[in-house]
Every structure is written in structure tokens, then in C-alpha cells.
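Beneath this line is the structure, given in C-alpha cells, with notes to follow.
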Amino acid sequence: MPSFIDEAIIDIAAGNGGDGVVSFRHEKYIPKGGPDGGDGGKGGSIYFQADANYNTLYHLRYKKKFAAPVGERGSKSNQHGKSGQDITIKVPVGTIIAGHISGAEQRIDLHTDGQTVLIAKGGNGGKGNARFANSTQQRPTKSTPGKPGEALVASLELKLLADIGLVGLPNAGKSTLLADLTTANPKIGSYPFTTLEPNLGVAHYYDREVVIADIPGLIDGASTGKGLGDQFLRHIERTKLLFHVLSLDPNEGDMWQRYVVIEKELSSFNIELSQKSTMVLLTKVDLVDTQTVEQAIKLFSRKGIRVIERDILSEENALEILKQALAIIDTEKQNAPKEEIAEIVPTYTLQTLPQRFAKRPRA
Ligand SMILES: Nc1nc2c(ncn2[C@@H]2O[C@H](COP(=O)(O)OP(=O)(O)OP(=O)(O)O)[C@@H](O)[C@H]2O)c(=O)[nH]1
Ligand SMILES: [Mg+2]
């Protein structure tokens, strides 16, 4: 069963701590000054943060390595080295991060917008020799090196929720539309049932991302198992908007009848699905004259059904479709009842107990 999962594997390295240094005061008239070697700075740490502005892990597809800067070495006059800056990697809400984190294999679910977790701690800076002075040792020559930063390979997994679902008869042009609007590269064929498994694509409208799911074509009787049946409809149950993809090719028979077949199948499968916001997307407009397109648009408009044509040759038209779709999706999101998110308290088992809390046996 295909599932809409976006994945990324990234290398993460927190910064090493800077070394502490050995130095002695050089002042006029004080030939043997005391120790003044400063501590090293802390290495930068790396965090993950859930951010509702992201929908996919797309931005991590090409940047796979994150290394936080190291801490600087200490210097004389008790100057501490500068700490390396922390890095925060933003991911969509719902991302699950797995890896060897804080000394244990963990899976962390970033379920809430803004939730931040430390994934790799920067190394502490070493101590300068000034720290080692005491009553018996007034000119210590000892300093310690910075500690290494934590490093790991983190695998990220995100169950993608599509914003838009494409429904329609086989051969209507659903996969063509997905390929047109998104970066996906689905199989397209001049025969029914080209698509056998759902495809997912991400469309970009300026700085917005829209996730679109293309599913196999439905036929009369799909809800009772005909054709590929309704087995894929559940993939689009949680979308905010359906594009009912409807071909204007006159060789495919009466357009209105074809429209009704799909709407009937949707309501037989799940009445909520048929009540979802829907926009009819007219395809293959290049096969008919403009009058036919206008008539089709009028027909749906009169019935209060949202409708738009898709001209595969026009980039402007693609943007207009996405613009209208986003307006509907945003309204849907605003009107959706707020899901109550239970506060999830992290629980540690013996296996996942972070090292810093674990009692170590005395040597
Ligand atoms: N002339 C023309 N042909 C189109 C257009 N859109 C799609 N097609 C063609 O229609 C055929 C079916 O396209 P697909 O995108 O595979 O259709 P589908 O709805 O995904 O079909 P299934 O996966 O079988 O459900 C292909 O031969 C496409 O090239 C269009 O706007 N104009
Ligand atoms: Mg297809």
C-alpha cells in the first residue's frame, strides 16, 4: 500500500568546543604573572523546530549536511572563546525524527507548531589554565581541550497530508495536471488506468506550497469495487479541496453524465467526501472550440459549482488555478474546528533515558 511519506536523511554535526589555553600575565614589573589562559567557547548546537509554514521536507532534499560552528579557543587575559552559533532546522509539523539522539536511539514526534528539540549538543569549551590555580599550584601549565560536539545521522519522516485531491474518470488528465502543476513526474498514458497507485506532488505558488494527490481513475460502480474501486479514496479524505478533473474531449461522451458518475461514486463512498469543497477542472480544452469551453463553464456556474479550465500551454492559467485553490484551502482551514491537541509529555524508558540523567556505575 503506497503511503504519502516524505523522507530525508541528513548528517548533523554540532560544533566542537574550543580549547582552553595556557597563558600567563605579562605585566611590567611583574616578572612571573599568574595564569590568565581563558576557557574555550561552546560549540554550536543543532535544533529541530516544527514550523506550520512548511508542508514538506522538500527544502532538505538538496541540503543534507548541517554543521554548527565550533567554539573559539580561549585567549590570554582570561578571555573566553566565542561560542559557536546554534542552528535551528525548520521542519513541518508532524515530522518524526529518528536517530541516536542524546545517547539513545530515539524517535521524536514534532507534533506542535513551534515545538523545538535539541538534536545535537555542541561540545563544551575546554578550561584555561587560570581555572587550575590553587594554593599549592600557582602557575599551572594545564588546560583542557574542548569537547567534541554530538554528531549523528538523523532520518526524517513526514506523513504528507495532501491539500488537494484529484478525482475523475480514467483518462481525464489527472496525472497530466499533477505533472503540470507540480514537480512530480507521474506516468501519463492515452489509455484508462494508467495510474495504479496514488502520486503526490508539491506545487509552488510564490512562497506557498500546495500538496496535490493524484489517485487512479474512478468508474461507475467504483464504490462497490469496480475498476480499481474506492480503495484509494481514503487517501484524499483529509484533503481540503477536490479537483474534479473533467475532460472536454467530445469522443469521451456526454460531459454532464460523466460529471454525475463521479459525484455519485464520491457520495456512495462517503457522504463527507461529496460535501467537500470541489472545483471542476476542465481539461483537454485544446480539443474543442472556445465556445464549447464557455458553455461548459456557464453550465457549472449556473448550478453554483466552481469551475475553471486548464489550458496546459498556459503558465498563467496554472497560477490562476493555484491562486483560486489556495483561497478555498485557506478559508477551509479557518473554518475548520480547532482540533484539540493533547499535551504530550515526553516519557523516558530505561532504554531511552538520556545519558545526562542516567546514573553511571562507579568505576
Ligand atoms: N489534448 C490533450 N490531451 C490531454 C490533456 N490532458 C491530458 N491529455 C492526454 O490524456 C491522456 C490521459 O492523461 P492522464 O493524465 O494519464 O489521465 P489520468 O486521468 O491520469 O488517467 P488514469 O490514470 O488512467 O486515471 C494522455 O494521453 C494525455 O496526454 C489536454 O489538456 N489536452
Ligand atoms: Mg493518471
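Which members of the range 197-223 meet the condition of being within 16 Å of ligand 2 (Cβ to nearest atom), modelled with pLDDT of 85 or more and surrounded by fewer than 19 Cβ atoms within 10 Å (Cβ to Cβ)?
Result: I219, single match.
Applying the selection to the range 161-176, what residues are more than 7 Å from ligand 1 (Cβ to nearest atom) and open to solvent by less than 20 Å² (accessible area, probe 1.4 Å)?
Once the filter is applied, which keeps residues that are more than 7 Å from ligand 1 (Cβ to nearest atom) and open to solvent by less than 20 Å² (accessible area, probe 1.4 Å), the range 161-176 yields A162, D163, I164, G165, L166, V167.
Take the residues of the range 238-251 that are outside any strand (DSSP E or B) and away from ligand 1 (no atom under 14 Å from the Cβ): which is surrounded by the most Cβ atoms within 10 Å (Cβ to Cβ)?
Out of the qualifying residues, it is T239.
Here is a yes/no grid of residues against (1) in contact (Cβ under 8 Å) with a residue 60 or more places away in the chain; (2) open to solvent by 70 Å² or more (accessible area, probe 1.4 Å); (3) under 20 Å from the mean Cα position of the chain (by Cα):
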{"residue": "A104", "(1), (2), (3)": "yes, no, no"}
{"residue": "H111", "(1), (2), (3)": "yes, no, yes"}
{"residue": "S143", "(1), (2), (3)": "yes, no, no"}
{"residue": "G146", "(1), (2), (3)": "yes, no, no"}
{"residue": "V153", "(1), (2), (3)": "yes, yes, yes"}
{"residue": "L158", "(1), (2), (3)": "yes, no, yes"}
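Being outside any helix (DSSP H, G or I) and open to solvent by 50 Å² or more (accessible area, probe 1.4 Å) is the filter here, so list the residues in the range 298-328 that pass it.
Result: K303, G304, R306, E309, D311, I312, L313.
Does T292 satisfy being within 14 Å of ligand 1 (Cβ to nearest atom), open to solvent by 40 Å² or more (accessible area, probe 1.4 Å) and β-branched (V, I, T)?
Working: within 14 Å of ligand 1 (Cβ to nearest atom): yes; open to solvent by 40 Å² or more (accessible area, probe 1.4 Å): yes; β-branched (V, I, T): yes.
Yes; evaluated as a whole, the condition is true for this residue.
Would you point out the residue of the range 252-286, among those that are aliphatic (A, V, I, L, M) and surrounded by fewer than 14 Cβ atoms within 10 Å (Cβ to Cβ), that is farthest from T239 (Cα to Cα)?
V260
With respect to the numbered conditions (1) within 16 Å of ligand 2 (Cβ to nearest atom); (2) without any contact (Cβ under 8 Å) to a residue 40 or more places away in the chain, which one is the sole condition not fulfilled by G168?
Just one mismatch for G168, condition (2).
Could you list all residues from the range 240-275 that are touching a Lys or Arg at 6+ places or on another chain (Cβ under 6 Å) and more than 16 Å from ligand 2 (Cβ to nearest atom)?
L248
Six or more apart or on different chains, Cβ under 7 Å: which pairs go from a residue in the range 187-204 that's near ligand 1 (Cβ under 6 Å from one of its atoms) to one that's open to solvent by 70 Å² or more (accessible area, probe 1.4 Å)? Could you list them?
T194/K187; T194/I188; T195/K187
Let me confirm something: among G146, G125, which residue is in a loop (DSSP other than H, G, I, E, B), closer than 30 Å to F24 by Cβ, in contact with a His (Cβ under 9 Å, 6 or more places away or on another chain) and not aliphatic (A, V, I, L, M)?
G125
Kindly indicate whether G189 is at pLDDT below 90 and surrounded by fewer than 20 Cβ atoms within 10 Å (Cβ to Cβ).
It is true that G189 is at pLDDT below 90 and surrounded by fewer than 20 Cβ atoms within 10 Å (Cβ to Cβ).
For E72, all conditions in the list (1) among the acidic types (D, E); (2) part of a loop (DSSP other than H, G, I, E, B); (3) open to solvent by less than 60 Å² (accessible area, probe 1.4 Å) hold save one; what is the number of the exception?
Evaluating E72 over (1) among the acidic types (D, E); (2) part of a loop (DSSP other than H, G, I, E, B); (3) open to solvent by less than 60 Å² (accessible area, probe 1.4 Å) leaves (3) as the failure.
Mind listing just one residue for me: the one in the range 1-54 that is farther than 30 Å from L200 by Cβ, assigned to a strand (DSSP E or B) and not aliphatic (A, V, I, L, M) and, of those, least open to solvent (accessible area, probe 1.4 Å)?
P35
Taking the range 194-209 on its own, how many of its residues are in a strand (DSSP E or B), aliphatic (A, V, I, L, M) and either farther than 8 Å from T182 by Cβ or in contact with a Phe, Trp or Tyr (Cβ under 9 Å, 6 or more places away or on another chain) (or both)?
Initially, the range 194-209 is screened for residues in a strand (DSSP E or B), giving 199-205, 208-209.
Retained after the next criterion (residues that are aliphatic (A, V, I, L, M)): 200, 202-203.
Narrowing the set further to residues that are either farther than 8 Å from T182 by Cβ or in contact with a Phe, Trp or Tyr (Cβ under 9 Å, 6 or more places away or on another chain) (or both) leaves 200, 202.
Residues that pass the stated criteria total 2.
Could you please give the count of residues in the range 210-237 that are in a strand (DSSP E or B) and of a type outside the set (A, V, I, L, M)?
Total satisfying the criteria: 1.
Can you tell me which of (1) more than 23 Å from I219 (Cβ to Cβ); (2) touching a residue at least 12 places away in the same chain (Cβ under 8 Å) is the one F232 doesn't meet?
All conditions are met except number (1).
Among T141, T136, T112, which is assigned to a loop (DSSP other than H, G, I, E, B), in contact with a helix residue (DSSP H, G or I) (Cβ under 8 Å, 6 or more places away or on another chain) and at pLDDT below 95?
After ruling out the rest, the residue left standing is T141.
The values are calculated or read from the model by the stated rules, or taken from the named source; none is laboratory data. All figures in this text were calculated on a predicted structure; none of them were measured in a lab. All Cβ positions, glycine included, derive from the backbone under ideal geometry; neighbour counts span all protein chains shown. Heavy atoms of the whole protein, side chains included, go into the accessibility calculation; ligands, DNA and RNA do not. Shrake-Rupley method; radii C 1.70, N 1.55, O 1.52, S 1.80 Å.
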